[in-house]
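Notes follow once the structure below has been shown.
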Amino acid sequence: MIRNHIKISLRNLWKNKLLSTLNLLGLSIGIGSVLTLMFSVYAYYNADSNVVDQANIYYLKTTNISGDSYVDTPYPLLKEISESSPEVVAATHLQGWGMPWLEYGGSDFHERVDYVEPDFFNVFSLPLKYGNRETVLEKKNSVVLTDKVSRKIFGEKNPMGEIIKVDDTLSLTVTGVLEPISPYSTFRLGALASTQLLEDYPSFIARANWADSFTVNYLRLNPTTNIAQFESHIKELAKKNYADPNIIASIKLMPFADMRTDSIPVVKTIISGSIAAAVFVLLIVLINLLNLNASTMYRRTKDIAVRKILGSSKKEIITQFCIENGILVFTSILISALLFLGLLLPKLNMIYGADFGEITFTVANDYPVILFAMA
Amino acid sequence: MIKITDLEKYYATEEVRTIALNKLSFNVKKGEFVAVMGPSGCGKSTLLNILGLLDDPDGGSFVFNGIEVAGFNERKRAELRKHNIGFVFQSFNLIDELTVFENVELPLIYTGVKPAERKERVEAVLEKMQIMHRRKHFPQQLSGGQQQRVAVARAVINNPKLILADEPTGNLDSTNGNEVMDLLTELNEAGTTIIMVTHSEHDAKYSHRIIRMLDGQKVTENILMEIS
Ligand SMILES: Nc1ncnc2c1ncn2[C@@H]1O[C@H](COP(=O)(O)OP(=O)(O)OP(=O)(O)O)[C@@H](O)[C@H]1O
Ligand SMILES: [Mg+2]
């Protein structure tokens, strides 16, 4: 019975080659687009699933009297806050300073290096593949690599204890390697080094004063902290220390989850745009599908009548339709999956990659998208 | 075998109500070959649809093989139909996407016959209809006469007790038409009851009895051959 249905469906589709091809193309492109859009939305909402206990992590957001907001403060502020506030469980800068050359075994690698406090791993519980999280950045000349950078420089080998030359001047010892970070993460890390190193750079010292706001601060606070009270305490510190405290309207503690949209405001627009576009395309795909159904139905009224006369049940007739359209839809899903993996995802990465980091697709991680698409 | 009494059927559209069958009564005995004649629109096809359990009458009684079937629901009618009744139409009504073999096989699939037995029975009937050499062709690749032979093969594949034919020669030239009439006669001689609607006096002469209709009613009956 089923074989008979499939046979007829295929012959039917073959007979109406042009229509079938058009339908197939339309559906494939439609589903492919929806898949891509939904995937970027999904990637966005799962951005920091690897950062545990996010509720107690905050960053500082400054608003000046002309209404401009930015996620930076003067460099020394964090130290003042930590030393004066028992609410702070751990605190760290996340400070880039140029993009140095890393040299190992005669090869040079241009990688991003961020300077952080040893406390970084107490703020962000990113798991380590190698190394001890308590001590990993204790020594000044330590460097922690992301899994990606470690693989790039050292291949599969365990790099613990190896020496990397930085800009031909510094020698850093690898003391830890991070487990792979979710590609959607707010962090775009390459290597982590100690801020103690940074504080040796004359060019940095020149700027690390109370006048320049350029550094990002993360704090893990005690869950019982009174945020309003804590904010006014920070304001006090600012008033006391800032070179020009009068231009500051407020310094707020923002939940970590807001960081991404705060640092790249256009993300939000892109995401709402993507959702709207996905819904719209999905609607078109649905209408197309209904249309497809109606037109097969129309072409097949005689067929249906004859089958009914010969003793076919309604169920079998409906099955026949479902199979014919099912073949189309299923093939489209296959094509759109290929389209998605082969063309749209790489393109998406080309567009988004620089800002958001590379998005990769692994069935194990991302099956919710697939399930959702199917529904 | 068939006993209809005061059979009524109406078609109601927005403005008009058509009486397609108006208190029609007659009997058909087992093994009989009956021709139904009458002007266009007098209700012949409507009658065949009801006799073929494709449609339900609006009034009256229809006893088929001793069972009152008027008022049967769609499912029960379909069940009875697929085991007892074969259809032949003026326009053949073969499924274009299926080959000759597959078209004839279809009723057997619906009655749940196993593949091996299906093949055997389809080949036997195609042999008998002398269309075996065309079994892999599609309907469009056949002449009208050949298509109607396939349709007859399909109608008889389940060994129905009753064959209903609605102008089976309407689309055929006289040679092919006569061939189909010979086929029907053969089937009738083998014991199948046949009710055939026709506009052709020539074809009607193959039957035992002609029922003439007008405006949904029976007007006369000519008995051409008495059967026991
Ligand atoms: N589905 C329908 N809806 C409305 N009216 C119908 C329908 N089917 C048939 N009729 C009407 O019922 C009457 C009988 O139709 P029927 O098809 O039985 O005629 P017929 O005797 O088979 O005609 P012909 O010789 O042209 O095939 C006609 O007046 C027709 O217009
Ligand atoms: Mg008719």
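The values are calculated or read from the model by the stated rules, or taken from the named source; none is laboratory data. A quick note: this is a predicted structure, and the numbers were derived from the prediction, not measured. Backbone-built Cβ (ideal geometry, glycine too); neighbour counts: all protein chains shown. Accessible surface areas use protein heavy atoms only, side chains included; no ligands, DNA or RNA. Shrake-Rupley method; radii C 1.70, N 1.55, O 1.52, S 1.80 Å.
Annotations for the structure displayed:
- Span from the the range A:283-340 Cα centroid across to the the range B:41-66 one, whole angstrom: 33 Å
- Largest-first ordering by accessible area, 1.4 Å probe, given options A:213, A:85: A:213, A:85
- Shielding by partners - mean other protein chain Cβ count within 10 Å, residues of A:309-320: 5
- Listed residues A:322, B:42 arranged by accessible area, highest first, probe 1.4 Å: A:322, B:42
- Scattering from the range B:49-103 was approximated by placing one identical point on each alpha carbon and applying the Debye formula without solvent; log10 I(q)/I(0) at 0.18, 0.23 1/Å stands at -0.69, -0.92.
- Applying 1/(1 + (r/R0)^6) with r as the Cβ-Cβ distance of residue A:18 and residue A:214 and R0 = 56 angstrom yields a FRET efficiency of 0.35.
- The trypsin sites (Lys or Arg not before Pro) found in the range B:85-149 that occupy coil by DSSP, while having at most 16 further C-beta atoms within 10 Å, are B:136.
- With at most 11 other Cβ atoms within 10 Å, longest stretch of chain A clear of loop GluC sites (Glu not before Pro) (DSSP): A:157-375
- Low-density loop positions, trypsin sites (Lys or Arg not before Pro), the range A:156-233 - DSSP coil, at most 11 other Cβ in 10 Å: A:157
- Pairs of Cα atoms in the range B:3-54 fall into 5 Å distance bins, from 0 up to the last occupied one, in shares of 5, 16, 26, 29, 14, 6, 2, 2, 0 percent.
- GNM flexibility winner over chain A from A:53, A:68, A:147 (Cα, springs under 10 Å): A:68
- Close Lys-Lys pairs in the range A:54-260, where close means Cα under 13 Å and separation is 8 or more or interchain: 6
- Calculated [222 nm] ellipticity per residue, helices only, for chain A: -16000 deg cm²/dmol; basis is -39500 (n - 2.57) per DSSP H run with n ≥ 4, divided by all residues, nearest 500.
- Here the range A:234-331 was treated as a single set of alpha-carbon atoms; its pair distances binned every 5 Å from 0 give 2, 9, 11, 10, 8, 8, 6, 6, 6, 5, 5, 4, 5, 4, 3, 3, 2, 1, 0 percent.
- Charged side chains reduced to their Cβ positions (Lys and Arg at +1, Asp and Glu at -1) give chain A a dipole of some 3040 debye around its Cα centre.
- The Cβ shell under 14 Å around residue A:171 holds other residues with a net charge of -2, Lys and Arg each +1, Asp and Glu each -1.
- Spread over its residues, the convex hull of the C-alpha atoms of the protein assembly as shown is 243 Å³ per residue.
- According to the Kirkwood relation over distinct C-alpha pairs, the hydrodynamic radius of chain B is 18.1 Å.
- Length-normalised contact order of the range B:1-59 in % [C-alpha pairs under 8 Å, at least 6 apart]: 37 percent
- Hydrophobic, long helices, defined as DSSP H runs whose alpha-carbon span along the helix axis is 30 Å or greater and whose mean Kyte-Doolittle value is at least -0.5, occur in chain A at A:17-45, A:266-299, A:314-339.
- With both labels modelled 7 Å from their Cα along Cα-to-Cβ, the residue A:125 to residue A:283 distance reads 4.4 nm.
- Alpha-carbon centroid distance for the pair the range A:204-232 / the range A:161-201, whole angstrom: 23 Å
- Counting only DSSP beta bridges with both residues in the range A:96-226, the antiparallel share comes to about 65 percent.
- Among the protein heavy atoms, those of residue B:46 account for about 20 Å² of accessible surface (1.4 Å probe, every chain in place).
- Which of A:9, A:128, A:36, positive extreme of dipole for the protein assembly as shown (C-beta unit charges): A:9
- Listed residues A:79, A:252 arranged by accessible area, highest first, probe 1.4 Å: A:79, A:252
- Farthest toward positive dipole pole in the protein assembly as shown [+1 Lys/Arg, -1 Asp/Glu at C-beta], among A:331, A:86, B:25: B:25
- For GluC sites (Glu not before Pro), the sites in the range B:123-228 that DSSP calls loop and that have at most 12 other Cβ atoms within 10 Å are B:226.
- Taking 37 °C and 0.692 mPa s as conditions, the range A:54-260 diffuses translationally at an estimated 183 µm²/s according to Stokes-Einstein applied to its Kirkwood radius (Cα pairs).
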